[in-house]
Every structure is written in structure tokens, then in C-alpha cells.
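Take a look at the structure set out below.
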Amino acid sequence: MKIIRKRKKKGFTLIELIAVVAILLILAVILVPNIVGYVNKSKIATVKSDAKTVLNVIRTAKADSDTPDSITTYAQAIAANNDLAPSTAVPTPLTTMTENELQKDIIDNSSTSWGNYSAYNTTSSN
């Protein structure tokens with residue numbers, strides 16, 4: 001009497017491997033745009049935070065100054081009182097914006113200028 005041995009299955013079939021790869025590709029297609037969106041949102045949030053810091057420096061310099069009307073930009077505020085300079089570098093484009101421009105852009109969340117955060121990538125030292 002012959003004993004018939006069943007062959008043990010080793011590894012995965014080609015269909016199983018193709019199915020796994022397909023599932024991974026579908027997940028990648030769904031997740032990558034979301035991750036990129038979160039990165040962009042975080043960069044925009046950083047620029048807005050820097051803008052609020054610049055606005056606060058301008059307002060504080062105006063409050064401390066004898067001639068508040070002469071202070072309209074970050075550079076003028078720091079020139080009036082260097083102690084107000086934040087410990088981190090400020091993006092260069094924000095240093096030339098006036099108080100009114102900063103206030104308008106901070107309030108207006110639909111402002112398209114925030115989408116161009118790469119323009120705020122360059123920094124100037126205090």
C-alpha cells in the first residue's frame with residue numbers, strides 16, 4: 001500500500017502577492033495627498049504665528065513710543081526698541097508688512113497669500 005503524502009504549501013501564491021500589492025497601492029493613493037495637505041497646513045500655521053508675533057512687536061513698540069505714528073513696520077519697531085526682538089528669526093517678507101496689512105491677513109483666513117508660504121521661507125536675523 002502506497003502512502004500518498006500531501007505536499008505542504010510553502011510561501012504565497014502569485015495571486016495573493018498581487019492582492020497585497022494592490023491593497024498597498026490603494027492605501028498609498030489615499031494617504032499621500034492627506035499627508036501632503038497636513039504638511040502644507042502646518043507651514044501656513046507657522047507663517048500665521050510668525051505674523052502674529054510681528055504684529056505684537058509693532059503694537060508693543062507703538063505703545064512704548066512717544067511717537068507711535070512713526071512705527072508702522074517690524075523693522076521700525078525693532079529700531080525703536082531692540083528689546084522687543086523675538087528670540088527666533090522672522091521671515092523677511094513679514095518685516096516689511098505694515099500693521100494694517102498684517103491685521104487684515106491674520107483675520108482673513110481665506111487670504112490666498114498664506115498659501116504661498118514658500119515666499120516666507122527666508123528669514124532675517126532680529
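The values are calculated or read from the model by the stated rules, or taken from the named source; none is laboratory data. Just so it is clear, the model here is predicted, and its values are computed rather than measured. Ideal geometry is used to build each Cβ from the backbone, glycine not excepted, and the neighbour counts take in all protein chains shown. Note: accessible area is taken over every heavy atom of the protein model, side chains too, but ligands, DNA and RNA are not part of it. Shrake-Rupley method; radii C 1.70, N 1.55, O 1.52, S 1.80 Å.
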When the residues of the range 48-61 are filtered to those that are touching a helix residue (DSSP H, G or I) at 6+ places or on another chain (Cβ under 8 Å) and open to solvent by 80 Å² or more (accessible area, probe 1.4 Å), which remaining residue is farthest from L102 (Cα to Cα)? R59
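Here is a yes/no grid of residues against (1) part of a helix (DSSP H, G or I); (2) open to solvent by 60 Å² or more (accessible area, probe 1.4 Å); (3) touching a residue at least 12 places away in the same chain (Cβ under 8 Å):
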| position | (1), (2), (3) |
| --- | --- |
| K9 | no, yes, no |
| I18 | yes, yes, no |
| V21 | yes, yes, no |
| A28 | yes, no, no |
| V32 | yes, yes, no |
| T46 | yes, yes, yes |
| A63 | yes, yes, no |
Among what's in the range 65-77 and is in a loop (DSSP other than H, G, I, E, B) and crowded, with 16+ Cβ neighbours inside 10 Å, pick the residue that is nearest to the chain's Cα centre (by Cα). T72
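Give the residues of the range 78-103 that are part of a helix (DSSP H, G or I) and either open to solvent by 50 Å² or more (accessible area, probe 1.4 Å) or on the phi > 0 side of the Ramachandran plot (or both), sorted by residue number.
Step one: filter the range 78-103 for residues part of a helix (DSSP H, G or I), giving 78-80, 82-84, 92-95, 99-103.
Residues satisfying the conditions are A79, A80, N82, D83, T92, N100, E101, Q103.
Can we say V57 is part of a helix (DSSP H, G or I), within 19 Å of I106 (Cβ to Cβ) and within 27 Å of the chain's Cα centre (by Cα)?
So V57 passes the test.
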